[in-house]
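One structure below.
The values are calculated or read from the model by the stated rules, or taken from the named source; none is laboratory data. Please read these numbers as outputs of a predicted model, since none were measured by experiment. No Cβ is skipped: glycine too gets one built from the backbone with ideal geometry, and neighbour counts run over all protein chains shown. These accessible areas exclude ligands, DNA and RNA; they are computed on the full protein's heavy atoms, side chains included. Shrake-Rupley method; radii C 1.70, N 1.55, O 1.52, S 1.80 Å.
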Amino acid sequence: MIIDALEDLVRDKAFEEGMPGLRLAFTPTPVGGKTAAELADYIAGKDPVTNEPLMQEIVGHLTRPLSAEERRTGTVVRERRPLIGPDTAENLQRYFDDRFWSDQLPIVMPTEERVAEMLARTSRPREEVIGRMRVTGTREAWEYTVETVAINAVMAGAKPEYFPAILALAATQTNARSSSTSSMTAMAVFNGPIVDELQMNSGTGALGLYNNAGALIGRAWGFLSSNATGGSVPGHTYMGVQGNPMGNVPAVFAENVAGLPQGWQPLHVQKGFAPGDSVVSAFGGCQSQVTMMVLKDENWEWALDNALAAGTPNRTSRLLLIDPAVTPPFLRFGFDTKEKLIDWVRNNVTVPKQHYWVDQEVINYKLGPARAGREPYATWLGLPDEAPIPFLENVEVVVVGGSGNLRWSANECGYNRSVKVDDWR
Amino acid sequence: MPSMQNQADRQPLWKRAAMAKGKRRAPLASLALLLGLPFAVTPGAADERHSASADGERSTVLNPTGTPPAIERRPLAERPASLDGKTVYLVDVTFNGGDLLLREMQEWFAAHMPGVKTEYRAKQGAYFADDPALWAEIKAAGGLMIMAIGH
């Protein structure tokens, strides 16, 4: 039994699980936030999808003998047609737009010739499987190859010389078009010689569309994320309630290593790579960005806590994007390495227990594990009301920005994986 | 007129499957399914709705989508002829008010079908996590299950 707004989603899921005829019943939308009396009306009322009395329908679902279709077993193989057309560019664009294979903006048509030009920039065979993606963690995993990535890179308008970087990003298996109702998106940070090779931006406007490599690698990543899983169809394979403007073209930028203060290592070195390696690091779960000015000696602890505790405490990730101009105060506060700052954030950004367990997203995702005895949630459930809960786990620091003012920001992005670019040449 | 295949790959997965049923009626495909052999549900073909204009240059392009996994069909559980004397487990996945909804359903059964015993259970773990202990409990009791996914 599920709300009617999610009919297509639940039928898709039942189909993926091999039970396309799973017996379903629907309530009006929403259930959350309704009073007991309102929910009693739901129970006594009709299924809004079938218009049948809800409980009689459910009793029928539980007692009606199975049909031959419902007893069926076997393997369903869904084949994909490798070629589209021939047709005009205008009609092909509409064909891609209708299926949400594009971003509804003009694309470069992925002809065999253009895709071959992209594939020539890697030694990897076109049929090699790079990875799998899901629209969310609960949906089926679709597989994509070097060729799939090349097709999407062409569509984005990427230059062939960007292809190894795009392949490395694809190999992180990070979905930049997650179907989470929370409208999350993704970011990627490049380090090492690839930054100069592709002339990527780490300064003014680094997270925006002001750099050719960043913009087109990001657009290719967005296309791949949609299309590796069959296309982001709103209401079906894209469920973001409001969408996220940061996800239209995921931010792809370079760390400003020239602006790193002494003692702060580049991100890829933190992740175990050599300083001379070219590496892309992918972050997922990005939702909103808080921007602040420089921290002051008088109240930096309060200001840092206040900025980073914003939003639902179910979100356990933060990516601190620190402009070189605002690093001196961080050093003054004792953060002479990124790791010390990360530890401080993990231990000192808190929410009172009494508010933690009231948050609906925390209830949805953490209450079950807490009741099942999973730590630290089980312990947090038993704390006194005023007890501070340090809810952040996945915290990273990247130095980026052009120092045009004393600003820095933080996002709810969570680090996922880093991959060497040279492995994909 | 667009073909069934053309319409199908604009649809969500479950509707694509329903629309592909026509193809599966082919005797060989149906037999393959009954025997548990793979068969193809082919998505998409040339889109007649957007047929080429007379003066436009026509080209063929590559499909940008990934490859979906094969699906193993699973039969539904056998049903009893009646719920009299049966235990129905009302399973809450702890998502947005599902517990309150199931409590109301429990009251409905008590008022309208007193011969049915109901047991409310909150599934362990997050809403997407497996709970084999609960499934074993329901099976051992010869019970039935209504799962409520609130939202």
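Residues in segment A:30-59 that are within 33 Å of the chain's Cα centre (by Cα) and either within 7 Å of chain B (Cβ to nearest Cβ) or in a helix (DSSP H, G or I) (or both): 5 in all. Residue count for segment B:62-100, restricted to those that are over 22 Å from the mean Cα position of the chain (by Cα) and modelled with pLDDT of 95 or more: 11. Scan A:Ser288, A:Ser281 and give me the residue that is in contact (Cβ under 8 Å) with a residue 12 or more places away in the chain, open to solvent by less than 10 Å² (accessible area, probe 1.4 Å) and over 30 Å from A:Pro82 (Cα atoms). Matching residue, one of A:Ser288, A:Ser281: A:Ser281. Within segment B:128-151, residues that are closer than 21 Å to A:Leu6 by Cβ reach no partner that is assigned to a strand (DSSP E or B) and of a type in the set (Lys, Arg) with beta carbons closer than 8 Å at six or more positions or on different chains. Within segment A:47-68, residues that are more than 22 Å from B:Pro114 (Cα to Cα) reach partners that are aromatic (Phe, Trp, Tyr) and surrounded by 15 or more Cβ atoms within 10 Å (Cβ to Cβ) with beta carbons closer than 9 Å, at six or more positions or on different chains, in the pairs A:Asp47/A:Phe26; A:Pro48/A:Phe26; A:Val49/A:Phe26; A:Thr50/A:Phe26. Looking at the structure I just gave you, is A:Phe335 free of Cβ contacts under 8 Å to residues at least 24 places away in the same chain and among the hydrophobic types (A, V, I, L, M, F, W, C)? Yes. Residues that are at positive phi and modelled with pLDDT of 95 or more were ranked within segment A:136-193; the one that is farthest from the chain's Cα centre (by Cα) is A:Gly192.
Of all residues in segment A:216-253, those that are open to solvent by less than 20 Å² (accessible area, probe 1.4 Å) and either closer than 17 Å to A:Ala158 by Cα or assigned to a helix (DSSP H, G or I) (or both) total 15. Counting the residues of segment B:101-111 that are over 18 Å from A:Leu6 (Cβ atoms) and either facing chain A (nearest Cβ under 7 Å) or surrounded by 23 or more Cβ atoms within 10 Å (Cβ to Cβ) (or both) gives 3. Considering each residue of segment A:193-212 in turn, at least one proves to be free of Cβ contacts under 8 Å to residues at least 40 places away in the same chain and open to solvent by less than 20 Å² (accessible area, probe 1.4 Å).
Considering the conditions (1) surrounded by fewer than 18 Cβ atoms within 10 Å (Cβ to Cβ); (2) within 7 Å of chain B (Cβ to nearest Cβ); (3) more than 30 Å from A:Thr148 (Cβ to Cβ), A:Thr75 is excluded by exactly one of them, (3).
The set of residues in segment B:122-132 being open to solvent by less than 70 Å² (accessible area, probe 1.4 Å) and among the charged types (D, E, K, R) consists of B:Lys123, B:Asp131.
For segment A:60-71, give me each residue that is of a type in the set (A, V, I, L, M, F, W, C) and either surrounded by 14 or more Cβ atoms within 10 Å (Cβ to Cβ) or not in a loop (DSSP other than H, G, I, E, B) (or both). Lay out the reasoning, then the answer.
Applying the first criterion (of a type in the set (A, V, I, L, M, F, W, C)) to segment A:60-71 yields A:62, A:66, A:68.
Residues satisfying the conditions are A:Leu62, A:Leu66.
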